[in-house]
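Report on the following structure.
The values are calculated or read from the model by the stated rules, or taken from the named source; none is laboratory data. These numbers were taken from a predicted model, which means no experiment stands behind them. Cβ sites come from the backbone with ideal geometry, for glycine too, and all protein chains shown count toward neighbours. For the accessible areas, the whole protein counts, side chains as well, though only heavy atoms, and no ligand, DNA or RNA atoms are used. Shrake-Rupley method; radii C 1.70, N 1.55, O 1.52, S 1.80 Å.
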Amino acid sequence: MSSSNSTTGTGTGRRIVVLGAGYAGLTAAKGAARHRSVTLVAPEERLLHRIRQHETAAGRGRDWPAIEELARGRRIRHHRARAVDLDLAGHKVALDDGTTLGYDTLVYALGSRTAWHDVPGAVEHAHPVEHADDVRRLIREADRPGTLAVVGGGATGIELATELAEAHPAWRVRIVSAGQVGGIYSPKGRAHIRRVLDRLGVDVHEDATVTEVTPDGLRTTAGPITADLTVWAASMEPHPLAARAGLAVDDRGRALVDDHLRSVSHPDVHVVGDAAAVTVPGIGTLRMGCATALPRGQYVGKLLDGRTTEPFSFRYVVHCLSLGRRDGLLQLVHPDDSMKPTVLTGAAGRLAKAAIVGVVFSSLK
Ligand SMILES: Cc1cc2nc3c(=O)[nH]c(=O)nc-3n(C[C@H](O)[C@H](O)[C@H](O)COP(=O)(O)OP(=O)(O)OC[C@H]3O[C@@H](n4cnc5c(N)ncnc54)[C@H](O)[C@@H]3O)c2cc1C
């Protein structure tokens, strides 16, 4: 554990510290802080509304509410700092401002970040999707419209490519995928995504695994692709602190938890959101996503507040995608996340996606 200048808790009661104020951490803190004091640690002043970052990249973002504002009415103290070390035996978290927080119960909700997969040049020449403000600025400051490659043919890459193509029609947008773009969706869903990409003039490069990123584009298994600007939205990996600190993790670095979302190695640590590998009977290990982060955060909030003792349960219902501002896709799924044939597309899909994003936002307030 790094040196510290103070050790503080959350008051006289049981000390609850929540690390991370994303969908999982914020909802866990709000639920737990109905009757107890909670210290919520996250570096940002305002909500990190990740599911709208593709809009921010395209220049449509806005300032989201301050975390303090979202926590109003609850006994939450927002400590603006980054956790740098975790002493699981000593029940202490070291922060980058020199503080050390003691805890009785820790909620670990540090989420995920771009996974570069050790692709040469990626860190130097590509911009991770979470640096949406940089992408927006680089497009705005470019001398002339150029070519823009989005790496990743999953939901985030598709949302980003369509949003950027619609907002910047003078730019040539390319989507580059190791497999099929939108490969997880039903045939109807995939066909709709393809129609929208074609309508927006997005070049689609499938079965093109990126092997190198260079200042002027990509080398892929399907040949070179030129790009003035590359945005990486290929996949996510959990924050590395859990593994480094010694929490039991799976082969992707996600903390292993029991059916009450407690670390299997350290039961005084609850792990929620993208940071956790949660296995639900009949469904399997939940995927990373706001759709799974939010209910897990809400559940732990209730558990710590004594409003439930039941094990965590979860069923998938839908996947939803925005495809620019006028189109969208709502894909119905079975409880185990396998695709149903039914989809809603076009303006109806777009409205459904907007409604779901609205529900997410309301649940944070
Ligand atoms: C453009 C885009 C669109 C998306 N769309 C969807 C969608 O439609 N549906 C869906 O299900 N998912 C979507 N996702 C994925 C979704 O955003 C994530 O799965 C979700 O944000 C995970 O929530 P979380 O609370 O676990 O972590 P995060 O949202 O990643 O939050 C992590 C928190 O931890 C904080 N933190 C990080 N490091 C530290 C540290 N060292 N110390 C303290 N705090 C720290 C962060 O600042 C943040 O507050 C999208 C992602 C992107 C990028």
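Of the residues that make up region 111-122, is at least one of a type outside the set (S, T, N, Q) and part of a helix (DSSP H, G or I)?
Within region 111-122 (the criterion being of a type outside the set (S, T, N, Q) and part of a helix (DSSP H, G or I)), the answer is yes, since at least one residue qualifies.
Which one of the conditions (1) assigned by TED's automatic domain parsing to the domain that holds residue 20; (2) more than 13 Å from the ligand (Cβ to nearest atom); (3) open to solvent by 50 Å² or more (accessible area, probe 1.4 Å) does residue 248 fail to meet, given that it meets all the rest?
Just one mismatch for residue 248, condition (3).
Of the residues 78, 54, which is within 19 Å of residue 159 (Cβ to Cβ) and either in contact with a helix residue (DSSP H, G or I) (Cβ under 8 Å, 6 or more places away or on another chain) or surrounded by fewer than 16 Cβ atoms within 10 Å (Cβ to Cβ) (or both)? Walk me through how you get there before you give the answer.
Numbers: 78 fails: within 19 Å of residue 159 (Cβ to Cβ).
Testing whether each residue is within 19 Å of residue 159 (Cβ to Cβ) and either in contact with a helix residue (DSSP H, G or I) (Cβ under 8 Å, 6 or more places away or on another chain) or surrounded by fewer than 16 Cβ atoms within 10 Å (Cβ to Cβ) (or both) leaves just 54.
For region 128-163, enumerate the residues that are closer than 14 Å to residue 227 by Cα and crowded, with 18+ Cβ neighbours inside 10 Å.
Restricting attention to region 128-163, the residues satisfying the condition of being closer than 14 Å to residue 227 by Cα are 135, 138-139, 142, 144-151, 161.
Result: 135, 139, 148, 149, 150, 151, 161.
Mind checking whether some residue in region 230-243 is more than 27 Å from residue 342 (Cα to Cα), away from the ligand (no atom under 13 Å from the Cβ), assigned by TED's automatic domain parsing to the domain that holds residue 160 and at pLDDT 95 or above?
Yes, there is a match, as at least one residue in region 230-243 is more than 27 Å from residue 342 (Cα to Cα), away from the ligand (no atom under 13 Å from the Cβ), assigned by TED's automatic domain parsing to the domain that holds residue 160 and at pLDDT 95 or above.
Residue by residue through region 80-101, note down the ones that are in a loop (DSSP other than H, G, I, E, B), of a type in the set (A, V, I, L, M, F, W, C) and either in contact with a Lys or Arg (Cβ under 9 Å, 6 or more places away or on another chain) or more than 12 Å from the ligand (Cβ to nearest atom) (or both).
88, 89
Go through the residues of region 174-185 one by one and say whether even a single one is crowded, with 22+ Cβ neighbours inside 10 Å and of a type in the set (Lys, Arg).
So far as region 174-185 goes, yes, one or more of its residues are crowded, with 22+ Cβ neighbours inside 10 Å and of a type in the set (Lys, Arg).
Filtering region 16-47 down to residues that are modelled with pLDDT of 95 or more, in a loop (DSSP other than H, G, I, E, B) and over 22 Å from the mean Cα position of the chain (by Cα), which residue is nearest to residue 360 (Cα to Cα)?
The residue in question is 33.
Out of everything in region 34-48 that is closer than 15 Å to residue 272 by Cβ and more than 8 Å from the ligand (Cβ to nearest atom), what residue ends up being surrounded by the fewest Cβ atoms within 10 Å (Cβ to Cβ)?
The qualifying residue surrounded by the fewest Cβ atoms within 10 Å (Cβ to Cβ) is 38.
Can you pull out every residue in region 295-307 that is within 11 Å of the ligand (Cβ to nearest atom) and open to solvent by 20 Å² or more (accessible area, probe 1.4 Å)?
Within region 295-307, just 295 meets the criteria.
Which of the numbered conditions does residue 127 fail, given that it passes all the others? Conditions: (1) in contact with a helix residue (DSSP H, G or I) (Cβ under 7 Å, 6 or more places away or on another chain); (2) outside the structural domain of residue 266 (by TED's automatic domain parsing); (3) within 30 Å of residue 262 (Cα to Cα).
Result: residue 127 passes all but (3).
If residue 231 meets every condition in (1) more than 17 Å from the chain's Cα centre (by Cα); (2) within 30 Å of residue 121 (Cβ to Cβ); (3) crowded, with 23+ Cβ neighbours inside 10 Å apart from one, which number is that one?
All conditions pass for residue 231, except number (1).
Got a number for residues in region 220-248 being in contact with a strand residue (DSSP E or B) (Cβ under 8 Å, 6 or more places away or on another chain) and more than 30 Å from residue 88 (Cα to Cα)?
14
Give all pairs with beta carbons closer than 7 Å in which a residue from region 232-258 that is of a type in the set (Asp, Glu) meets a residue that is away from the ligand (no atom under 11 Å from the Cβ); count only pairs at least 6 apart in sequence or on separate chains.
237/115; 237/252; 237/253; 250/256; 250/277; 258/264
Which residue pairs have Cβ atoms under 8 Å apart, sit 6 or more places apart or on different chains, and have a first residue in region 49-70 that is not assigned by TED's automatic domain parsing to the domain that holds residue 159 and a second that is more than 8 Å from the ligand (Cβ to nearest atom) and small (Gly, Ala, Ser)?
52/61; 53/61; 55/61; 58/167; 59/167; 60/167
Can you name every residue in region 97-129 that is free of Cβ contacts under 8 Å to residues at least 24 places away in the same chain and under 24 Å from the mean Cα position of the chain (by Cα)? Step through it out loud before you land on a result.
Filtering region 97-129 down to residues free of Cβ contacts under 8 Å to residues at least 24 places away in the same chain leaves 97, 118, 123.
Those that are free of Cβ contacts under 8 Å to residues at least 24 places away in the same chain and under 24 Å from the mean Cα position of the chain (by Cα): 118, 123.
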